[in-house]
Structure formats: C-alpha cells, structure tokens
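Quick note: the coordinates plus some simple rules give every number you see, no bench work behind them. Everything numeric here is computed off the predicted structure, so don't read it as measured data. All Cβ positions, even for glycine, are placed from backbone atoms using ideal geometry, and neighbour counts span all protein chains on display.
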Amino acid sequence: MSTERRSGAQAEPVLPRTPKAGVGLHLTSLPGPSGIGDVGDAALAFVDTLAAMRLSTWQFLPTGPTAYGDSPYQPLSAFAANELLVGLEPLVRMGLLEATELEPLAELPRDAVDYGRVIPAKRALLERAVARFPARAASGLKADYEDFLHANDTGWLADYALFRILKRLHGERPWPEWKRRYAHRHRGALRRVGARHQAAINQVKLIQFLFHQQWLALRRHAARRGVQLFGDLPIYIALDSADAWADRELLRIDRRGRPSRVAGVPPDYFSADGQLWGNPLYDWDRQAADGYRWWTRRVGHALAMCERVRIDHFRGFEAYWSVPFGAETARQGAWEPGPGDALFEAMEAALGRLGIVAEDLGVITAEVDALRRRHGIPGMRVLQFDIDEPDFDPAQIEPDTVCYTGTHDNDTTRGWYWGHPGDPRSGREIRATRANALRLTGGAPATIHRDLIRLAFATPARLAIAPMQDFLGLGPEARFNVPGSTHGNWRWRLRAGQLTPAFIESVAGEVESASRS
C-alpha cells in the first residue's frame, strides 16, 4: 500500500461533524472457520452487521505481524500486515486454494484464538496459495501485484521480506543474536541470502499483497455501508523488528542492537511498579535532522488504510519515561523531552490535516494537552477511569473527544463493576465504584453494561465507542488484555451466534435514541 498522501487531502475534521457511535473489536476476534478472525469474508460480514446496528465506526488494534506473546503492540514491522489476518475464502475464489483444503481448520476452537495451532495451519495454506499464484492468478491480479511491488518494494517491503527469511534461518531469534554479517547488514552477505532464498522472499511479498487486496475490498465495502475504519498505531517499535534492523539510526541503540535506555510508564492505575515495555527509545535528534521522514512515512501509511488512527501513548511526544536498560521495574525511570511540535509540523507539511486521535491517558500534564490542542488532535475519555474521580461530570466532556466505556486494556464493564478473584482493587474500592456508577448512570446492577454505554452516548463527545464485550454484557472471562501480563491475552473471539437479530435491533435502537445514527 502506498504511504504517500497529498498535502491537504483530508479536509474533513478528525471526528464526525455530528455525534456518532462505534464499536471496539480487534480483527482477530471476528468469528469464522479459520481459528482466527481475518480481513476477508468475516470482516465484510461484520461491516454489514455494524451498518444494521447503526454503528458508523469500527475501531481495532494494530494490524502488524505479531511474534512472541502475540501482542499487536510489539509487531515485527511498522508497515507490514499480520499474515494471519489474510482471509482464506477469497483465496478459494481466486483459485489459489481448494475449498477442501480448508476443512482441517474446522477442528480449531471457535471461541478463542489458539495461536499455537493457528499459526502453522494457516501459514501452510498461505504458502500453498502463493506457490500457485504464478500459474493460477488472473492477469489483472498479477498486474496489481506488480503495482504493489512498485509502490512498496523500495520502501519497507524488501527489508521486511529479507528480515523474515533471516529470522527463519536463525530459528526466529531476535536480530541482535544473528550472525554478525547479517545483524550488521553486510551488503555481500545480504545479497547472497537474497539470491539463495528468492522464492521464500517472494512468498513473503505475495502474502503482503494478498492482505493489501483484501484490505482494499474491506475499505471499499465499509465506505459503501457508511462505516469508517479506526486503526491504532503503537508509539514505539519493537527492537526485534524489520524497522530496527534496517533503520537502526532511528533508535538509541548501539551497533549490536543493545539499547541504553528503554520505554515504559511510571506507576499508574494498572501497576504499582509502572509498566516496563522494554522498547528501544527513539533518537529524536537524528530524526529531526532529516525532517522526521520515517515518522511521516509511517503515519501516512496508516492513514492510507483508515479514516483515522489512534496513536498509543501520545504523551510520549511531549515527554517520555526513560528507563535504564536492565532495570527490573519502570520505577527507576525518568522523564525526557520528546520531539513536540516539530514532529507534527513536519508531518502536517507532508500529509495535510492528520487524521489521528491521541491516546492521552495516564499522567497528562498541561504541556501534553497543549501540544494536542495546537495540532487539532482529539483526545480520549474512558468512563471506567473517570467515574471514580470526585469531580467528574460527563456533561463536561469536550465534543472533540472519543468517549469509551473501556478499552482493550480494561476489564469488561461487568467485570469492572462486580469485581472478581484476582482483581487488584480492594473490596472497599469496588463498592465505591459500584456506587459511583449507579449514581452517574441512574442504572441498575443487572444492566450496568448497557447503562454505561448510554452514559457514553449521552456525553457531548462526537464519537462514543464501546468494546463489543460491553455491548454483549460479557464478564471478566471476555477481557482481551491485562497490561503487564504475558499469558492469556489477545485470544477472545466473538461467536457468530451472539449477534442475533434481536441484539442487533436493540443496539440500533440505543444508537437512534441517543441521536448518534
């Protein structure tokens, strides 16, 4: 997908002009027969369901290729797509797969993503499909592939494909652990690997192209049904990524790939020790020297895929938490100044109005808020956080805001309200939350999930979003992620039978009653 956007191309405001409603559901959580949600038929069908529910925005998590831990916030590339998100049914219609070849996938679980089983099963089918591409693909599809290569191969695609092959040859170990000639990108060594493994490299590129084609179809279908796509961009990149390997001057790492300091956040709602993410920090001085070209490419690429994009941890652009490499917790960190206005001015000059939303949660200072406002970037409010604030008034939420009941990092609203074994809050804190929630929503314990959605819909925020788990009234068993933990996350899936006609009609009625349709 081309990363270029013409200056001034986005004349519309970042948020809808009139109040709208949306849903948060990651692509992997879509129902379907392949063990994991995808951007093929499952995504097209979900867009139709959203239109029937009168929900005009679909927000999802980053779509990059995941690695250890399956976290979409630690992708192997800032530009490539997760191959597991390629839909298989469209490949059957293209003639690249046979319908019978998909039958073994029916044995995979439907209510949770078992990555250990999905990855080898789906990867084998994708490799079979791309091996057949030269002989079976229609001439028009082959021409589209050549256009895709022309737009991306000299940018991110060639480096990413070579990175994936080298990673495979090194037993999937991080690139700083590779043989020196590959870790240090010796030209002769890379040229020889490229020649020796050209077929495998082409496979990686073709899979990226198939995702690209399916994404274009999804984008067109969503536009026809009046649904806008709302993506997500992690502020940091993983050390074990094609970007860090190919463009290490972006980061504060030495030649061996060893960082001096790493990213995290200080103690907060989620953790008394803070969160030690471990991502390498950016070398902002060097990025400023070339006019922030990489960041402009990255944001342009994301906005070519979606109408708007949330940037995770926006406050890191004003000041970021810097932790010494090797520290045991994030408590040992300190604040360092970020790039500030210069970064956004550079991106605006190249891309025009930026369709981004700031994830401005946590320790937000007046300086962070001023940076966001100067560039017309909407912020976020999360009712699960706000309700326990003594002076919180939902009527005072600003219109240029996305209001959420909770996010992918929160418990479901029912889990948050009732509490459960393992909840870090004390019994007294949970009881206080219940009282505040009932007072502000005017609701009842049995309907608290719907009551909190109604409260979000009633705020002045021009966009109100609830996770699908909250629309369905699910409990803590449906939580998608627990920050700071590494087990059991990113696995929850929606079951097709949960979206009954009565449920769809009920949501549509709530949206219409709130004048958000």
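From the alpha carbon centroid of region 178-237 to that of region 366-424 is 34 Å.
Descending by average beta-carbon neighbour count within 10 Å, the peptides 80-87, 221-228 line up as 80-87, 221-228, the highest first. Only beta bridges with both residues in the chain are counted; by DSSP, about 35 percent of them are antiparallel.
Most tightly packed first, judged by the mean number of other beta-carbon atoms within 10 Å of their residues, the peptides 33-44, 321-332, 186-197 read 33-44, 321-332, 186-197. Pairs exceeding 31 Å between alpha-carbon atoms, taken from Lys122/Lys179; Lys20/Lys142; Lys142/Lys167: Lys20/Lys142. Computed extension gain for Ser260 through His150, at 0.36 nm per residue and net of the alpha carbon distance, reaches 35.9 nm.
Shown is the FRET efficiency for Glu98 and Ala200, computed with R0 = 30 Å from the Cβ-Cβ distance and rounded to the nearest 0.05: 0.85. Scoring 58-65, 468-475, 69-76 by mean Cβ neighbours within 10 Å over their residues and listing the highest first yields 58-65, 468-475, 69-76.
About its Cα centre, the dipole of the chain is roughly 1520 debye, where the only charges are +1 on Lys and Arg Cβ and -1 on Asp and Glu Cβ. Among the listed values (i) 77, 66, 50; (ii) 68, 53, 47; (iii) 71, 49, 45, the one computed from these coordinates for Cα extents along the principal axes in Å is (ii). Multiplying the residue separation of Arg191 and Asp247 by 0.36 nm and subtracting their alpha-carbon distance yields 18.4 nm. A Förster radius of 45 Å, combined with the Cβ-Cβ distance separating Asp268 from Ser139, puts the computed FRET efficiency at roughly 0.25. Spin-label model, Asn436 to Asp369: label points 7 Å out along the Cα-to-beta-carbon direction sit 1.7 nm apart.
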